[in-house]
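Undergrad: Have a look at this one before I ask anything.
Just so it is clear, none of the values below were taken in a lab; they were calculated from the coordinates. From a predicted model like this one, the values you see are computed outputs, not experimental measurements. Positions of Cβ are generated from backbone atoms using ideal geometry, with glycine treated the same way; all protein chains shown enter the neighbour counts.
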Amino acid sequence: MGKTSPAELANPSIPEPPRIYLDNAATSWPKPEQVVEAIASYYRDSGVPAFRGISGQTSGTDQGVERCRQKLAQFIGSKNKNEIVFAFNGTDALNMVLQGVISPRDHVVATTIEHNSVLRPLSYLVNEKGVEVNYVDIDKNGLVDPDKIVAAVRPNTKLVCISHVSNVTGVIQPVEAIGKRLRDHHALFLIDAAQSLGHLELNVQEIGCDFLAAPGHKGLYGPLGTGLLYAAERSWQKIRPYRLGGTGTQSDSDVQPEQMPTRLESGNLNVGGILGLEAGLDFVIENTIAEVHKKSLQLSTHAIDGLLTIPGVEIYCLGAPERTAVLSFNISGRDSREIATILESAFGIQTRAGFHCSPKVHSSLGTFESAGTIRISIGFFNTVDEIDKLVEAVSQIAAAM
């Protein structure tokens, strides 16, 4: 028999295969049943907004929101639940800091691994406010050197921003070392924890960050439309609200409230989402982060071992000392989007292809010509059998090229 062509793989005549979901870095799926039930129960039995009424249902909603806030504070090592601000997603949380802290002609230090949730606000501030930004590059293993971060700090540096984990390579950055070196400097420190919160044990006190932003729908297994910002009490007065409006408090005044976290929570909160986020957080706590990370990392290692046996496959930044279950690879000479399309259409395997909203890191990896990378990101509910099917599928595709 001759080889199966890429076109034949992309257009199989067999029934559609079962779905294998390997895009948990975009959003975790499936959600735990308790998350689905928490959201459904809220909309079925209550549906009232938080902090906007005196009914019994409103009181219960208020308590649920504050209960989730308290749990999140304890989860990340915050000593004050009012340091937790609810956001509509991770991008919203990041913008609270980027738009609320940086002023015209300030200087910012960031890195080449940043997501567009950071890059695009910074680009806007550069073009519209005269802000200066220095991007510290990664080394061959995908790591940022803490000494290079500190060396880039200037007298007018307002903020240092770094992604805790690259959403392209899964490499864990040394945020504790960076935070330690920044303690002798005046710059504020922002962590983008989109790919780490829920996957790794982290403590904001040990990191020494002023701000930490994250979505609720990834490692915390909550629903889309949820997010959080940790804002250290020592830095409250340094952040201006970038979204103004009703908060349900001090409604007789047309001036934005000063107290935290209300000051940054204008507009109705996504109450159903927050209650779902609480259920997701409970799921992670019940299973323990160490076990969740261990399981997904074992599957990731299994995937790496299998993919490395396939001629033409390159996996990026394998020399990093620590990583999560996110990895990027390519098949030599092939467009990543073509490969991902075949993986889904012929094998039912959903990955992610392209630049993953992190364009600068691809200059460092040399992956622009391949239209970025194929990314797989493994979650708690994935299995060894699914990873074996991925490896076999990539092997067939590579052989057909």
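Undergrad: In terms of the Cα gyration tensor, with a ≥ b ≥ c the square roots of its eigenvalues, is the chain rounded because a/c is under 1.5, prolate because a/b exceeds b/c, or oblate? Don't skip to the answer; put the middle values down first.
TA: On the way: a/c = 2.13, a/b = 1.38, b/c = 1.55.
Here the chain falls in the oblate category.
Undergrad: Next up: Using only Cα atoms, tell me the angle between helix 271-287 and the longest principal axis of the chain; keep it within 0 to 90° and round to the nearest 10.
TA: Approximately 60 degrees, to the nearest ten.
Undergrad: Just tell me which lysines come within less than 21 Å, Cα to Cα, of LYS71; anything on the same chain fewer than 8 places away is out.
TA: LYS31, LYS79, LYS81, LYS218
Undergrad: So, one more: Which lysines have a Cα less than 24 Å from the Cα of LYS129, not counting those fewer than 8 places away in the same chain?
TA: The qualifying lysines are LYS158, LYS238, LYS360.
Undergrad: Give the residue from MET96, ILE310, VAL165 lying farthest towards the positive end of the charge dipole for the chain; charges sit on Cβ (+1 for Lys and Arg, -1 for Asp and Glu) and the dipole is referred to the Cα centre.
TA: Highest projection toward the positive end goes to MET96.
Undergrad: Answer rounded, prolate or oblate for segment 262-393, using the Cα gyration tensor with square roots of eigenvalues a ≥ b ≥ c: rounded when a/c is under 1.5, else prolate when a/b is larger than b/c, else oblate.
TA: prolate
Undergrad: Also: Within segment 222-292, which GluC sites (Glu not before Pro) sit in a loop by DSSP and count at most 12 neighbouring Cβ atoms inside 10 Å?
TA: For GluC sites (Glu not before Pro) across segment 222-292 that sit outside H, G, I, E and B with at most 12 neighbouring Cβ atoms in 10 Å, the list reads GLU258.
Undergrad: Just to be sure I understand the model, the point goes 7 Å from the Cα along the line to the Cβ. What's the resulting GLN350 to ARG44 distance in nm?
TA: That separation, rounded to one decimal, is 2.4 nm.
Undergrad: Run through segment 132-210 and list the GluC sites (Glu not before Pro) located in a DSSP loop whose Cβ has at most 14 other Cβ atoms within 10 Å.
TA: On the way: sites: GLU132, GLU176, GLU201, GLU206; in loops: GLU201.
Loop-located and lightly packed - GLU201.
Undergrad: Starting from segment 302-379, pick out the GluC sites (Glu not before Pro) whose DSSP state is loop and whose Cβ has at most 13 other Cβ atoms within 10 Å.
TA: Listed in order of number, the matching sites are GLU322, GLU369.
Undergrad: While we're on this one: Given the chain, what percent of its DSSP beta bridges are antiparallel, to the nearest 5? Show your work: numbers first, answer last.
TA: Values: 21 of 41 bridges.
The antiparallel fraction comes to roughly 50 percent.
Undergrad: So for TYR124, TYR316, TYR221, fewest C-beta neighbours within 10 Å to most, what's the order?
TA: TYR124, TYR316, TYR221
Undergrad: Which value, in debye to the nearest 20, describes the size of the charge dipole of the chain about its Cα centre when Lys and Arg Cβ atoms bear +1, Asp and Glu Cβ atoms bear -1, and nothing else is charged?
TA: Roughly 720 debye, rounded to the nearest 20.
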